[in-house]
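Trainee: First the structure, which I've put down as structure tokens, then a few questions once you've had a look.
The values are calculated or read from the model by the stated rules, or taken from the named source; none is laboratory data. Nothing here was measured: the structure is a model prediction, and the numbers come from that model. Here the Cβ positions follow ideal geometry from the backbone for every residue, glycine too, while neighbour counts run over all protein chains shown.
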């Protein structure tokens with residue numbers, strides 16, 4: 001159990017200075033300590049060999065359970081939704097534009113006093129044409145309460161990835177948490193290299209852009225982990241070592257389905273401070289049987305196994321199965337039922353609703369305390385906020401590279417020299 005507590009006085013001090021202006025404007029009377037993702041990253045670094053969960057809030061109960069777990073573990077936490085999950089073509093009821101409202105309401109309802117960042121994950125740029133729309137959408141996200149963002153142009157060439165990041169940075173507030181990505185998350189196909197990661201981080205550094213996190217394709221997948229390969233810890237360690245002087249942390253995507261031992265290695269042997277968990281939390285909130293690291297257990301026919309005393313009611317589960325059969329949905333495609341079933345979930349009895357959130361709480365608590373080493377990071381973050389006296393602790397690194405070495409022409413030239421394998425083609429979003 002946790003030992004270090006947060007005094008009411010310190011909480012109020014942090015609440016006064018730690019909330020960004022967009023959060024103050026949206027929720028002027030709130031007691032929710034919604035902060036920049038920068039502070040969450042810094043707390044994990046100060047704790048040392050710690051990472052926190054970035055819980056993908058695909059439904060109301062995932063957000064509720066994750067916040068309850070963070071409070072119980074006294075841990076700073078990130079609540080997020082990816083553009084594929086909650087963007088303009090959403091399959092979840094929680095969106096990039098309402099997730100802050102969900103978090104704020106639940107923090108006040110449940111008396112959550114730990115710092116929480118709200119992250120727009122995988123804001124995907126899949127083509128050069130996507131950039132202009134992103135210039136409109138990104139400001140709208142911060143207007144809606146986002147406090148951290150992942151610009152994911154990893155689908156593009158290395159040069160285009162860097163150039164897209166540079167073009168979009170003026171639309172991201174300086175105080176916000178920032179994640180960038182190299183190598184699309186697609187399992188053992190197209191693994192990221194140190195050369196690619198260094199190119200991206202050096203180019204950003206030359207233009208005074210200092211990401212909190214870099215995400216890699218380090219062998220894992222989104223959704224249900226089927227390959228049995230999972231996270232390549234040694235590759236991750238090597239790339240993080242190469243980037244060490246640029247002071248960037250790692251963001252681990254595709255956490256669901258990787259063993260507890262592997263996740264503990266990521267926390268202890270790499271510079272990772274953020275671990276995304278999406279599919280596992282969805283399944284647990286539903287009451288689907290999972291193994292100890294959140295991968296759904298399938299029966300002999302390849303179907304999910306629903307625990308009768310966990311998650312949604314049996315009546316609701318049978319409705320879901322009927323719709324899935326009608327729409328020919330199997331495995332990971334069940335995620336598409338989040339949106340049409342949210343109000344059905346909310347219409348269930350209080351006992352059922354509470355157990356949906358409780359399942360998530362217990363799973364996330366175990367991860368935070370026994371696997372991620374994130375317990376008692378909330379007071380660390382709050383002390384940091386008070387000491388900084390601002391919602392912005394400032395840049396994470398300092399300029400090392402020269403801007404004249406990283407002009408558009410030089411970026412295209414250098415990017416063309418990189419030898420890399422982008423792996424299989426296809427849609428790897430989750």
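Trainee: Pick out the one residue from 242, 255 that is in contact with a helix residue (DSSP H, G or I) (Cβ under 9 Å, 6 or more places away or on another chain) and closer than 28 Å to residue 378 by Cβ.
Mentor: Working: 242 fails: closer than 28 Å to residue 378 by Cβ.
Residue meeting the stated conditions: 255.
Trainee: So which helices (runs of 4 or more DSSP H) stay within segment 5-101 end to end and still have 2 or more residues that are more than 20 Å from the chain's Cα centre (by Cα) and in contact (Cβ under 8 Å) with a residue 40 or more places away in the chain? Outline the logic, then answer.
Mentor: Details: elements: 8-18, 21-26, 37-47, 60-73, 83-86.
Qualifying helices (runs of 4 or more DSSP H): 8-18, 21-26.
Trainee: Okay, moving on. Report the residue count in segment 407-429 for those that are part of a loop (DSSP other than H, G, I, E, B), farther than 19 Å from residue 214 by Cα and either touching a helix residue (DSSP H, G or I) at 6+ places or on another chain (Cβ under 8 Å) or at pLDDT 95 or above (or both).
Mentor: Residues meeting the conditions: 2.
Trainee: Would you please name the residue that is modelled with the lowest pLDDT, looking only at residues in segment 252-279 that are surrounded by 24 or more Cβ atoms within 10 Å (Cβ to Cβ), over 20 Å from residue 48 (Cα atoms) and more than 13 Å from the chain's Cα centre (by Cα)?
Mentor: Among them, the one singled out is 257.
Trainee: Return the total of residues in segment 110-134 being under 22 Å from residue 160 (Cβ atoms), in contact with a helix residue (DSSP H, G or I) (Cβ under 7 Å, 6 or more places away or on another chain) and either exposed (fewer than 13 other Cβ atoms within 10 Å of the Cβ) or in contact (Cβ under 8 Å) with a residue 40 or more places away in the chain (or both). Give the derivation first.
Mentor: Let us first name the residues in segment 110-134 that are under 22 Å from residue 160 (Cβ atoms), namely 120-134.
The next check asks that each one be in contact with a helix residue (DSSP H, G or I) (Cβ under 7 Å, 6 or more places away or on another chain); those that pass are 120, 122-125, 128, 131, 134.
Then keep just the ones that are either exposed (fewer than 13 other Cβ atoms within 10 Å of the Cβ) or in contact (Cβ under 8 Å) with a residue 40 or more places away in the chain (or both); that gives 120, 122-125.
Looking only at that region, the number is 5.
Trainee: Okay, next question. Within segment 158-186, track down each residue that is in a loop (DSSP other than H, G, I, E, B) and at pLDDT 95 or above. So that I can check it myself, show each step before the final result.
Mentor: If we filter segment 158-186 for residues that are in a loop (DSSP other than H, G, I, E, B), which is where we start, we get 172-176, 183-186.
Answer for segment 158-186, where residues must be in a loop (DSSP other than H, G, I, E, B) and at pLDDT 95 or above: 172, 173, 174, 175, 176.
Trainee: Going through segment 343-365 one residue at a time, which ones are outside any helix (DSSP H, G or I) and surrounded by fewer than 15 Cβ atoms within 10 Å (Cβ to Cβ)?
Mentor: Let us first name the residues in segment 343-365 that are outside any helix (DSSP H, G or I), namely 347-349.
347, 349 - these are the residues of segment 343-365 that are outside any helix (DSSP H, G or I) and surrounded by fewer than 15 Cβ atoms within 10 Å (Cβ to Cβ).
Trainee: Oh, and also: Taking residue 156 as the residue in question, decide whether it is over 19 Å from the mean Cα position of the chain (by Cα), surrounded by fewer than 23 Cβ atoms within 10 Å (Cβ to Cβ), over 30 Å from residue 8 (Cβ atoms) and without any contact (Cβ under 8 Å) to a residue 60 or more places away in the chain. Spell out how you get there, then give the answer.
Mentor: Working: over 19 Å from the mean Cα position of the chain (by Cα): yes; surrounded by fewer than 23 Cβ atoms within 10 Å (Cβ to Cβ): yes; over 30 Å from residue 8 (Cβ atoms): yes; without any contact (Cβ under 8 Å) to a residue 60 or more places away in the chain: yes.
Spelling it out, residue 156 is indeed over 19 Å from the mean Cα position of the chain (by Cα), surrounded by fewer than 23 Cβ atoms within 10 Å (Cβ to Cβ), over 30 Å from residue 8 (Cβ atoms) and without any contact (Cβ under 8 Å) to a residue 60 or more places away in the chain.
Trainee: Further question on the same structure: Kindly indicate the residue of segment 129-155 that is part of a loop (DSSP other than H, G, I, E, B) and at pLDDT 95 or above and also farthest from residue 81 (Cα to Cα) among those meeting that condition. I'd like the intermediate steps shown before the answer.
Mentor: Initially, segment 129-155 is screened for residues part of a loop (DSSP other than H, G, I, E, B), giving 129, 144-147, 153-155.
Then keep just the ones that are at pLDDT 95 or above; that gives 129, 144-147, 153.
Working: 129: 23, 144: 13, 145: 13, 146: 10, 147: 12, 153: 17 Å.
Of everything passing the filter in segment 129-155, 129 is farthest from residue 81 (Cα to Cα).
Trainee: Does segment 292-314 contain at least one residue that is part of a helix (DSSP H, G or I), modelled with pLDDT of 95 or more and either surrounded by 13 or more Cβ atoms within 10 Å (Cβ to Cβ) or on the phi > 0 side of the Ramachandran plot (or both)? Step through it out loud before you land on a result.
Mentor: Quick first cut of segment 292-314, residues part of a helix (DSSP H, G or I) only: 314.
Filter once more, keeping what is modelled with pLDDT of 95 or more: 314.
Right, trim to either surrounded by 13 or more Cβ atoms within 10 Å (Cβ to Cβ) or on the phi > 0 side of the Ramachandran plot (or both) and you get 314.
The answer is yes, given that some residue of segment 292-314 is part of a helix (DSSP H, G or I), modelled with pLDDT of 95 or more and either surrounded by 13 or more Cβ atoms within 10 Å (Cβ to Cβ) or on the phi > 0 side of the Ramachandran plot (or both).
Trainee: For segment 382-406, which residues satisfy the criterion of being part of a helix (DSSP H, G or I), touching a helix residue (DSSP H, G or I) at 6+ places or on another chain (Cβ under 7 Å) and more than 16 Å from residue 21 (Cα to Cα)?
Mentor: Taking segment 382-406 as the starting set, the residues that turn out to be part of a helix (DSSP H, G or I) are 382-388, 403-405.
Next, only the ones that are touching a helix residue (DSSP H, G or I) at 6+ places or on another chain (Cβ under 7 Å) stay: 382, 384-386, 403, 405.
Those that are part of a helix (DSSP H, G or I), touching a helix residue (DSSP H, G or I) at 6+ places or on another chain (Cβ under 7 Å) and more than 16 Å from residue 21 (Cα to Cα): 382, 384, 386, 403, 405.
Trainee: Which ones in segment 212-239 are modelled with pLDDT under 95, surrounded by 18 or more Cβ atoms within 10 Å (Cβ to Cβ) and assigned to a loop (DSSP other than H, G, I, E, B)?
Mentor: 217, 218, 219, 220, 221, 222, 223, 224, 225, 230, 231, 232
Trainee: Since residue 340 meets every condition but one in (1) in contact with a helix residue (DSSP H, G or I) (Cβ under 8 Å, 6 or more places away or on another chain); (2) closer than 30 Å to residue 126 by Cβ; (3) in contact (Cβ under 8 Å) with a residue 60 or more places away in the chain; (4) surrounded by fewer than 21 Cβ atoms within 10 Å (Cβ to Cβ), which condition does it not meet?
Mentor: (3)
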